[in-house]
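The values are calculated or read from the model by the stated rules, or taken from the named source; none is laboratory data. Since the structure is predicted, the reported quantities are computational estimates derived from the model, not experimental observations. As a convention, Cβ positions derive from the backbone with ideal geometry for all residues, glycine included, and neighbour counts pool all protein chains shown. When the accessible area is computed, the model is the full protein with side chains, heavy atoms only, and any ligands, DNA or RNA have been set aside. Shrake-Rupley method; radii C 1.70, N 1.55, O 1.52, S 1.80 Å.
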Amino acid sequence: MLSASLLCRATALLAVLAIAAPANPFAARDRRVVDLVEAGQARSEGEHGYAAHDDSSGTANGQSFRQARGWIRYALATFDDTEVTIACTFLGTSSGNYDLVVEDSLIASKRFDATANVPTVVEIVVPFAVTKGKTSIAVMLRARGESTPRLHELRTIQDHNEVAPLAVVQQQLNLMFSPSGVVR
């Protein structure tokens, strides 16, 4: 039979685990911005291998942007082991048709319609096969028939499952269930 002290400690541990951990630890997603480039900002663009054809930059409502009748390309960092999401923040001051090309693969053809001068984030998931094993990817916004929307930011976002190693969980259980005065 369990002693009252041991039973109390076991109950406390189970309560903490029930609150702190989801039923399926692999279901918990940790969304992370891996890299970010600020379009139209020389330093940020320089750090991200900026290249373009038939483009322009400017500011609207105090926010910098880059727009192209051709294309805009940046190199962004990624983790090599999970699917990547590209997040484009467009200023709500212009509409346009564009293609998102990652590592020379057409990922999506989209239309962005400006809405009342409000910046809007468009997220596009890149198939894992395109980025698998890569820690840097080339991301291109290419105009289709008219100028691209005004790009303010471009981000790589990745989801990660963070699970405590089994050894850490076992160590915590051993400490809680050790007889008083015994350290394992």
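A compact table of results
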item	result
Length added when fully stretched, ASP113-ARG69, from 0.36 nm per residue minus Cα-Cα	14.2 nm
Estimated distance in nm for a label pair at ARG32 and GLU146, the labels positioned 7 Å out from Cα along Cα-to-Cβ	3.9 nm
Accessible carbon and sulfur surface of the stretch 68-131 relative to its total accessible area, %, 1.4 Å	49 percent
Linear extension gain, LYS132 paired with LEU106, 0.36 nm per residue minus alpha-carbon span	7.8 nm
Per residue accessible area of the stretch 48-145, 1.4 Å probe, in Å²	47 Å²
